[in-house]
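K.L.:
Have a look at this one before I ask anything.
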Amino acid sequence: SKGTYDNYMLKEIDEQPAVLRRISEHYYHNEQASISSQLLTALQQADRLYIVAAGTSYHAGLVGKQLFEDLADVPVEVQLASEFGHHLPKLSAKPFFVFLSQSGETADSRQVLDKVRQLDCPTLTVTNVANSTLAREADFALPLCAGPEIAVASTKAYVAQIAVQAVIAQSLGIQKGLNAAKKIDIDNQLSLAANAIQTIVDQKDYLKQLTHDYFYNQIAAFFIGRGNGYATALEAALKLKEVSYIHAEGFAAGELKHGTIALIEEQTPVVAFVLEKSTAAHTRSNVKEVLSRGAHALIISKKDLSNANDQIVLADIDERLMPLVAIVPAQLFAYYAAVEHGNDVDQPRNLAKSVTVE
Ligand code: M6R
């Protein structure tokens with residue numbers, strides 16, 4: 001039930017620290033992640049992972065790609081189910097398919113699963129609904145442990161998808177004897193991320209005020225970032241569109257100058273995710289470019305930049321897991337903008353919780 005909440009979306013945003021703790025409890029016993037050796041062996045035999053998903057789950061896959069490539073040294077392609085199903089690319093010699101789906105019922109993803117099973121490719125579904133179609137029909141299934149997600153806008157399932165991919169990627173890396181995997185303690189990082197998210201959800205008054213200052217009466221908003229900050233920008237834009245109906249786009253920060261910057265006007269909201277050290281200076285200079293064209297710019301980063309105007313400072317956790325935390329302020333922007341516009345937050349227009357048509 002909603003308990004004391006007016007709607008499910010805010011309740012589910014608030015549950016995210018608990019979800020990360022539940023994932024740790026489910027997957028970690030005596031420091032070893034409990035991923036079956038059959039699954040790890042099947043993953044280890046693959047020369048490439050194909051992550052297939054839609055919407056928010058696809059964005060979680062983009063974050064997962066970096067985790068698998070860094071921690072398990074395996075190349076990854078992330079594909080939109082609706083595209084992939086109709087235009088199967090040339091596959092690698094030993095592909096392994098990972099389906100990310102909160103509901104486990106998304107028709108676009110089911111269609112791809114049917115196709116790749118006919119090709120005899122090994123498959124894993126990572127889902128929040130244990131007995132769902134995608135879970136039953138794949139060779140392997142792993143739970144997200146997010147608890148029922150009722151609001152149409154996916155929030156806690158997204159962070160769970162990133163967290164569970166981190167668990168699998170690290171387990172695979174350890175199985176392969178890789179240092180990158182041995183050096184990171186995912187269990188501990190999930191606990192740090194849970195605390196960091198708690199700090200954000202405890203600042204609701206500030207985030208509500210920022211939402212009003214940045215998005216009220218705006219017709220467009222831009223989210224920018226690089227690397228996993230870009231993936232976060234895509235997800236932040238989808239969240240804002242879906243519940244507040246403000247037109248929002250996520251862009252790779254360096255691409256703005258190749259066209260999109262023409263859309264920046266006086267007071268256009270631009271939110272920049274600066275999550276990685278290696279590109280922080282570049283993204284900050286992109287922020288300066290939009291500021292000089294009149295944009296209203298907000299930076300979300302783990303570094304306190306004394307000279308920036310508005311910023312949200314995130315706790316310092318492993319860079320590769322920063323998307324777990326960085327998305328949360330944007331979920332709250334979407335939420336408060338929707339409430340301020342009088343929208344039905346849990347049931348946005350034209351949408352259903354699970355999309356069972358292609
Ligand atoms: O159940 P799934 O994760 O397969 O659903 C995929 C998308 O339909 C879903 O993430 C959708 O984009 C959400 N409404 C986004 O908040």
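K.L.:
State in Å² the accessible area per residue of the range 164-262; use a 1.4 Å probe, count heavy atoms of protein chains only, and round to the nearest integer.
P.N.:
Details: 3900 Å² over 99 residues.
Normalised by residue count, the accessible surface of the range 164-262 is 39 Å².
K.L.:
Now for a different question. What's the whole-number percent of alpha carbon pairs in the range 57-115 lying beyond 17 angstrom? Could the numbers behind the result be given before it?
P.N.:
On the way: 695 of 1711 pairs.
Tail of P(r) above 17 Å: 41 percent of Cα pairs.
K.L.:
Highest GNM mean-square fluctuation, the chain, Cα pairs closer than 10 Å: which of 342, 229, 147?
P.N.:
Highest fluctuation of the listed residues: 342.
K.L.:
I've got another one for you. On C-alpha positions alone, give me the angle between the axis of helix 156-175 and the longest principal axis of the chain, in degrees, nearest 10.
P.N.:
The answer is roughly 50 degrees.
K.L.:
Can you give the net charge of the other residues whose Cβ lies under 12 Å from the Cβ of residue 184, counting K and R as +1 and D and E as -1?
P.N.:
Working: positive: 182, 183, 320; negative: 70, 185, 187, 318, 319.
With Lys, Arg at +1 and Asp, Glu at -1, the neighbours total -2.
K.L.:
Sticking with this structure for a sec: Gain in length, residue 204 to residue 37, computed as 0.36 nm per residue apart minus the alpha-carbon separation, to one decimal in nm? Before the final figure, lay out each step's value.
P.N.:
Numbers: separation 167, 0.36 × 167 = 60.12 nm, distance 4.29 nm.
Result for the pair: 55.8 nm of gain on full extension.
K.L.:
According to the square roots a ≥ b ≥ c of the eigenvalues of the Cα gyration tensor, what is the shape class of the range 104-215, taking rounded for a/c under 1.5, prolate for a/b larger than b/c otherwise, and oblate for the remainder? Walk me through the numbers before you get to the answer.
P.N.:
Values: a/c = 2.78, a/b = 1.36, b/c = 2.04.
The shape class here is oblate.
K.L.:
Convex hull over the Cα atoms of the range 211-336, averaged projected area in nm²?
P.N.:
Details: hull surface 26.8 nm².
For the Cα atoms of the range 211-336, the hull's average projected area reads 6.7 nm².
K.L.:
Residue 349 to residue 262: extension gain in nm, 0.36 nm per residue of separation minus the Cα-Cα distance?
P.N.:
Length gained, residue 349 through residue 262: 28.4 nm.
K.L.:
Then there's this: For a test of the definition: using alpha carbon positions, the gyration tensor, and the 1.5 limit on a/c, classify the range 124-173 as rounded, prolate or oblate.
P.N.:
On the way: a/c = 2.78, a/b = 1.19, b/c = 2.34.
Here the range 124-173 falls in the oblate category.
K.L.:
Which percent of the accessible heavy-atom area of the chain goes to carbon and sulfur, probe 1.4 angstrom? Display every interim value, and only then the final one.
P.N.:
Numbers: 6970 of 14780 Å².
It is 47 percent, rounded to a whole number.
K.L.:
From the backbone phi of the range 5-17, what are the Karplus-calculated ³J(HN,Hα) couplings (6.51 cos²θ - 1.76 cosθ + 1.60, θ = phi - 60°) in whole Hz, Gly and Pro given as x?
P.N.:
For the range 5-17, the Karplus-derived couplings read 7, 6, 8, 6, 4, 5, 4, 6, 4, 5, 6, 4, x Hz, x marking Gly and Pro.
K.L.:
Name the residue, out of 42, 146, 135, whose mean-square fluctuation peaks in a Gaussian network model built on the chain with Cα pairs under 10 Å.
P.N.:
Looking only at 42, 146, 135, the largest GNM fluctuation is found for 42.
K.L.:
In Å², and per residue, what accessible area does the range 12-103 have when probed at 1.4 Å with the other protein chains present?
P.N.:
On the way: 3780 Å² over 92 residues.
Per residue, the range 12-103 has 41 Å² of solvent-accessible surface.
K.L.:
Grab the DSSP H runs of the chain that are 4 residues or longer, score each as -39,500 (n - 2.57), total them, divide by all residues and round the 222 nm result to the nearest 500 deg cm²/dmol.
P.N.:
Values: 14 runs with 170 residues, N = 358.
Calculated mean residue ellipticity at 222 nm is -15000 deg cm²/dmol.
K.L.:
Please report, for the Cα atoms of the range 251-297, the Rg to one decimal and the Dmax as a whole number; what are they, in angstrom?
P.N.:
10.1, 30
K.L.:
Viscosity 0.692 mPa s, temperature 37 °C: what is the translational diffusion coefficient of the range 281-358 from Stokes-Einstein with a Kirkwood Rh over Cα pairs, rounded to a whole number of µm²/s? Mind dumping the intermediate values first?
P.N.:
Numbers: Rh = 15.4 Å.
Answer, rounded: 213 µm²/s.
K.L.:
Please give me, ordered by residue number, the GluC sites (Glu not before Pro) of the range 28-132 that lie in loop per DSSP and have at most 12 other Cβ atoms within 10 Å. Walk me through the numbers before you get to the answer.
P.N.:
Details: sites: 31, 69, 77, 83, 105; in loops: 31, 105.
Taking the range 28-132 and a limit of 12 other Cβ atoms within 10 Å, the loop GluC sites (Glu not before Pro) found are 31.
K.L.:
Next question, about the same structure. Using only Cα atoms and rounding to the nearest 10 degrees, what angle (0 to 90) does helix 204-215 make with the longest principal axis of the chain?
P.N.:
70
K.L.:
Something else now. Report, to the nearest 10°, how far helix 322-340 tilts away from the longest principal axis of the Cα atoms in the chain, using its own Cα long axis and a range of 0 to 90°.
P.N.:
Roughly 50 degrees, rounded to the nearest 10.
K.L.:
With springs connecting C-alpha atoms under 10 Å apart, model the chain as a Gaussian network and identify which of 99, 222, 84 has the largest mean-square fluctuation.
P.N.:
Comparing 99, 222, 84 in the GNM, the peak value goes to 84.
K.L.:
Note down the Stokes-Einstein diffusion coefficient of the chain in µm²/s, whole number, using a Kirkwood radius over alpha carbon pairs, 37 °C, and 0.692 mPa s.
P.N.:
Numbers: Rh = 20.5 Å.
D = 160 µm²/s.
K.L.:
In whole Å, how far is the Cα centre of the range 280-351 from that of the range 214-239?
P.N.:
What the calculation gives is 7 Å, centre to centre.
K.L.:
Once each part is reduced to its C-alpha centroid, what is the distance from the range 82-121 to the range 174-207 in angstrom?
P.N.:
29
K.L.:
Here is a further query. Could you pull out every one of the lysines with an alpha carbon less than 23 Å from that of residue 11, ignoring same-chain neighbours closer than 8 positions?
P.N.:
2, 156, 204, 208, 239, 241, 353
K.L.:
Once label points are set 7 Å from the Cα along Cα→Cβ at both residue 115 and residue 213, what is their separation, rounded to one decimal in nm?
P.N.:
Result: 4.7 nm between the two label points.
K.L.:
Roughly what % antiparallel, to the nearest 5, for the DSSP beta bridges in the chain? Numbers along the way, then the final one.
P.N.:
Values: 2 of 41 bridges.
The antiparallel proportion sits near 5 percent.
The values are calculated or read from the model by the stated rules, or taken from the named source; none is laboratory data. Everything numeric here is computed off the predicted structure, so don't read it as measured data. Note: ideal-geometry Cβ built from the backbone for every residue, glycine included; neighbour counts use all protein chains shown. Protein only, heavy atoms only, side chains kept; ligands, DNA and RNA dropped before computing areas. Shrake-Rupley method; radii C 1.70, N 1.55, O 1.52, S 1.80 Å.
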